[in-house]
1. Taking only Cα atoms, what is the 0 to 90° angle, nearest 10, from helix 207-233's long axis to the longest principal axis of the chain?
2. Need the list of lysines near K8 for cross-linking: C-alpha distance under 16 angstrom, and skip anything on the same chain fewer than eight residues off.
3. Where does the chain land at 222 nm, in deg cm²/dmol rounded to the nearest 500, when only DSSP H runs of n ≥ 4 count, each adding -39500 (n - 2.57), divided by all residues?
4. So which trypsin sites (Lys or Arg not before Pro) in region 124-179 end up in coil per DSSP with only 11 or fewer other C-beta atoms within 10 Å?
5. Using the alpha-carbon centroid of each, what span in Å lies between region 226-288 and region 95-120?
6. If you place +1 on the Cβ of every Lys and Arg, -1 on the Cβ of every Asp and Glu, and leave all else neutral, what size is the dipole of the chain about its Cα centre, to the nearest 20 Debye?
7. So how tilted is helix 243-252 from the main axis of the chain? Cα-based, degrees 0 to 90, rounded to 10.
8. Quote the charge dipole size of region 11-174 about the Cα centre in Debye, to the nearest 20; the model charges only the Cβ of Lys and Arg (+1) and of Asp and Glu (-1).
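Only the coordinates and a few stated rules stand behind these numbers; no lab work does. Quick caveat, the model's predicted, so the values are computed rather than measured. Here the Cβ positions follow ideal geometry from the backbone for every residue, glycine too, while neighbour counts run over all protein chains shown.
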Amino acid sequence: MSAKLSGKPLMTIVGAGNLAGALAVALREAGYRIDQIVSRGSEASLRRSRRLAHEVGAAAVVVARAQIRAEVVWFCVPDGAIASAAASLTGAADWQGKVALHSSGALTSDELNVLRRRGAAVASVHPLMTFVRGSRPSLAGVAFAIEGDPKAVRAARAIVLQLRGQPFAIRKQRKEAYHAWGMFASPLLTALLAAGERVAGAAGVGRKTARERMFPILRQTLANYARLGAPGSFSGPVARGDVATVGKHLQVLLEVPEVREVYVALARSALRSLPAKNRAALQKILKV
C-alpha cells in the first residue's frame, strides 16, 4: 500500500449506529466510495449494517469475516468498544500505511494503539453534533475535533473539509473537557428542557403542548446567543434583579423539588458569569 493516500480514499466503516449512518451517507454524498460496513454478528447489528450498506452501496460484513481493502477505516462504535473492535480486526488487513479513525469525543487516538503498532496511522475525529434514532443531521458546518498521528490528522482534515465540516485540532489532555463542553451543548440542554416540561406540568400544561409553546422562545434565545453571545442574550428576573419574582419561583418549585435544584444551580451560575442586578440580594435568596 502506498504511504500516500489517494484523493478520495476507499472507506470502511465499523459500526452501523446513528453516527455511522449519518457519516456513511455524508461520505457517499461527498463522492467517497464505501467498501464495507463491518458489524458484530448479532441479528440486530447485522440488520442495521445491511440496511446501511444497501443505502450507501457497500457490502455488509461481520467482524469474523472482514477482509479490509479500504485505505481509511472509521470506527463508529461506543467508546468502551473501540479498543476491542480494533483488536478484533488486526488480522483483517495489512495495516501498514492505512489510516484508522475513531469518533469518541472523550477518548484519544491511543484507543487504536493495537493498529498503530501494526503500522496504521491513527486519529480521533469527533463531530460536535448529536445523533439520535429517527434523525440524520447534515455534517455541513459541524465542528470536528481531531488529534492523532500527523498522517491520520491530515487525512481526517481532508475528509472533514470534503464533508463541508469545520476541522480543528484538540490536544489529547483536553479531550475530556471538550466532551464535557459538548454535554452542555446538547444532552444537558435536553435534560434542562425536560425539566422545563415538568414545570409546565405544574402550570397545567402537558408535555407535548409545552414543547410546542416553548419552541418560539427557544429559537429566539438561540438566535440571540448566536448573534450577541451569552451576556447579550441573558434576560429574565435574575438579569433584572427581581428578587421577589425569584422568591415566588422558589416557592412554587417546592412542588417539584428536583427541578428546583436545577433552577437554583443555574441561577447561581448566572450570577457568577452573566450580567445581573441586585446580586447580593439574589445570592442570599438562592442560598436554599
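1. For 207-233 against the chain, the angle is about 90 degrees.
2. K98, K151
3. Values: 12 runs with 142 residues, N = 288.
Dividing the helical sum by the residues of the chain leaves -15000 deg cm²/dmol.
4. Values: sites: R133, K151, R154, R157, R164, R171, K172, R174, K175; in loops: R133, R164, R171.
Answer in residue order: R133, R171.
5. So the separation of the two Cα centres works out to 45 Å.
6. Computed charge dipole of the chain: roughly 420 debye.
7. For helix 243-252, the angle is close to 70 degrees.
8. Working: 22 positive and 11 negative charges, 19 e Å.
So the magnitude is around 100 debye.
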